[in-house]
Amino acid sequence: MLAVCAVAAIAYWDARRESSSALEDFASAQVALANGLADPVATRLAGADDSTPAAAIVGGLHRIEKPGHVELLFARSGRDGLVRTDGSSVRLPAIESAIARGDSWVRLTREEAAALGLPARTAMVGLASVADRVPKRWTIAVVATAQEERDRELRAQWRLVLAVAVSAGLVLAFGGLALRKQRTQLELARELAVAEAARAHDERLVRADKLATLGALATGIAHEVSTPLGVILGRAEQLRPRVAGDERSHRAVDAIVEQGERIERVVRESPAFDHVEPSAIARASVDLVAHRFAEAGVELSSDVARALPPIACEPRLLEQALVNLLLNACDACERGGHVALSVRGELERVAFVVTDDGAGIPSDLAARVGEPFFTTKANGKGTGLGLAIANEIIKHHRGSLAIEARRRASGTRACIEIPASVREHEQAAVLNVARRR
């Protein structure tokens with residue numbers, strides 16, 4: 001658009017320059033005509049004396065005039081005013097001043113042209129002196145209206161305006177199409193980026209869910225294996241006195257005890273827990289499910305208290321347990337619903353509370369939500385393993401999971417309570433007090 005305006009400004013400047021040049025050429029034509037009349041006027045002046053009326057000298061020259069287009073005027077030295085071909089006088093200061101200066105042409109305004117009976121448009125005056133031909137100083141003024149030239153200039157300006165308008169319209173039209181195409185491409189790129197981000201988040205959720213499932217399965221297997229393993233080790237210890245005299249049987253019993261104890265060490269060996277800030281668990285869980293909430297049109301808010309004690313946990317497993325609660329709350333809400341995550345804590349425990357404003361859950365079903373394969377969702381929308389896995393993970397962290405209907409509002413409240421790392425928290429508090437002292 002700026003380019004179009006620049007081209008229009010240059011074109012307007014060039015049109016004005018051409019117009020000025022055309023007016024100067026038009027004035028030169030009037031000067032030539034005035035010089036052509038100088039000889040006839042000089043001849044008449046040569047045969048006249050001072051008593052000869054001006055009308056007798058300029059009479060007959062009116063045939064050269066074109067009424068409404070060309071007027072002839074004469075100026076006499078020592079006399080005020082200008083003489084017309086009919087002998088009448090007229091005062092035009094612009095022409096008289098130009099004669100006094102010795103100019104060859106002068107431009108009349110619309111008002112001055114109208115005073116001579118010409119159209120109220122710009123007029124050009126060509127001047128020629130006859131002083132070099134006869135002793136008497138007379139000046140011939142040929143006044144011609146520049147109406148045609150000005151009309152041509154006006155038409156050229158309108159053509160310029162039309163061309164600029166058409167050019168601007170074309171630029172805007174094609175620019176708008178290009179801008180729309182670019183906007184469409186940008187929106188498509190943004191949608192692809194959002195879809196890619198959502199796919200990456202889904203993949204992370206799937207991987208985390210698989211890891212959590214394996215962790216819960218391993219924990220369950222360890223619990224189930226530990227009981228019969230204890231029975232096997234106990235029976236093997238009872239067999240040792242009975243096979244004391246049989247070296248082969250004694251070695252066999254020792255092998256049973258040794259391998260049983262090895263299995264027991266593997267089963268009882270729990271993964272190393274990290275001391276993690278609860279806010280980090282909450283933030284990571286919210287980031288994992290944010291795109292699911294956006295797709296479902298459900299608002300998710302979080303409120304994490306400050307100065308919470310750290311907790312000992314395996315971060316990925318605990319995050320997945322919290323993610324399962326958040327996704328269940330999202331599924332329970334209609335579009336436009338709201339889910340809130342709040343994290344509160346005391347010196348000994350940290351609570352992760354998830355509330356939603358969905359349909360809620362009856363009290364008789366709330367007690368069963370932790371059972372494997374139990375679900376309140378429609379067929380095909382739930383496996384009944386999410387909360388069961390979350391429950392096993394929380395038990396593995398020596399915590400508890402409670403799910404119940406909200407008392408003063410519709411919806412469900414789910415609460416995870418995890419023991420705080422009291423020892424580390426107290427040590428940090430003691431160090432802070434010591435530093436202040």
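The combined condition, being open to solvent by 50 Å² or more (accessible area, probe 1.4 Å) and modelled with pLDDT of 80 or more, is not fulfilled by ALA94.
A single entry from GLU18, GLU71, GLU24 fulfils the requirement of being at pLDDT 70 or above and surrounded by 18 or more Cβ atoms within 10 Å (Cβ to Cβ): GLU71. Contact annotation: residue pairs with Cβ atoms under 7 Å, 6 or more positions apart or on different chains, pairing a residue in the stretch 159-184 that is touching a residue at least 60 places away in the same chain (Cβ under 8 Å) with a partner that is open to solvent by less than 50 Å² (accessible area, probe 1.4 Å) and hydrophobic (A, V, I, L, M, F, W, C), are LEU160/ALA11; LEU160/ALA15; VAL164/VAL4; VAL164/ALA8; SER167/VAL4; ALA168/VAL4; VAL171/VAL4. Looking at ALA284, ALA294, ALA236, just one residue is touching a residue at least 12 places away in the same chain (Cβ under 8 Å), under 32 Å from the mean Cα position of the chain (by Cα) and assigned to a helix (DSSP H, G or I), and that residue is ALA284. The single condition among (1) at pLDDT below 70; (2) open to solvent by 30 Å² or more (accessible area, probe 1.4 Å); (3) more than 18 Å from ILE281 (Cα to Cα) that ALA332 does not meet is (1).
Residues in the stretch 276-291 that are at pLDDT 90 or above and in contact with an Asp or Glu (Cβ under 8 Å, 6 or more places away or on another chain) were compared, and the one that is most open to solvent (accessible area, probe 1.4 Å) is ALA284. Can you find, within the stretch 361-409, the residue that is modelled with the lowest pLDDT among those that are among the β-branched types (Val, Ile, Thr) and touching a strand residue (DSSP E or B) at 6+ places or on another chain (Cβ under 8 Å)? Per the stated criteria, the residue is VAL369.
For first residues located in the stretch 332-357 and at positive phi, partners that are buried (at least 21 other Cβ atoms within 10 Å of the Cβ) and lie 6+ apart or on another chain with Cβ distances below 9 Å form the pairs GLY336/VAL298. Report yes if some residue within the stretch 217-236 is at pLDDT 80 or above, open to solvent by 60 Å² or more (accessible area, probe 1.4 Å) and in contact with a helix residue (DSSP H, G or I) (Cβ under 7 Å, 6 or more places away or on another chain); otherwise report no. Yes, because at least one residue in the stretch 217-236 is at pLDDT 80 or above, open to solvent by 60 Å² or more (accessible area, probe 1.4 Å) and in contact with a helix residue (DSSP H, G or I) (Cβ under 7 Å, 6 or more places away or on another chain). State which residue is nearest to LEU308 (Cα to Cα) when the search covers only the stretch 381-421 and only residues that are polar (S, T, N, Q) and in a loop (DSSP other than H, G, I, E, B). For the stretch 381-421, the residue satisfying everything is SER421. Screening LEU300, LEU317 for residues that are outside any loop (DSSP other than H, G, I, E, B) and open to solvent by 30 Å² or more (accessible area, probe 1.4 Å) leaves exactly one candidate, LEU300.
The values are calculated or read from the model by the stated rules, or taken from the named source; none is laboratory data. Owing to the predicted nature of the structure, the values given are computational and were not obtained by experimental measurement. In this analysis, Cβ positions are derived from the backbone assuming ideal geometry, glycine residues included, and neighbour counts consider all displayed protein chains. We work out accessible area using only protein heavy atoms, side chains counted, and drop any ligands, DNA or RNA first. Shrake-Rupley method; radii C 1.70, N 1.55, O 1.52, S 1.80 Å.
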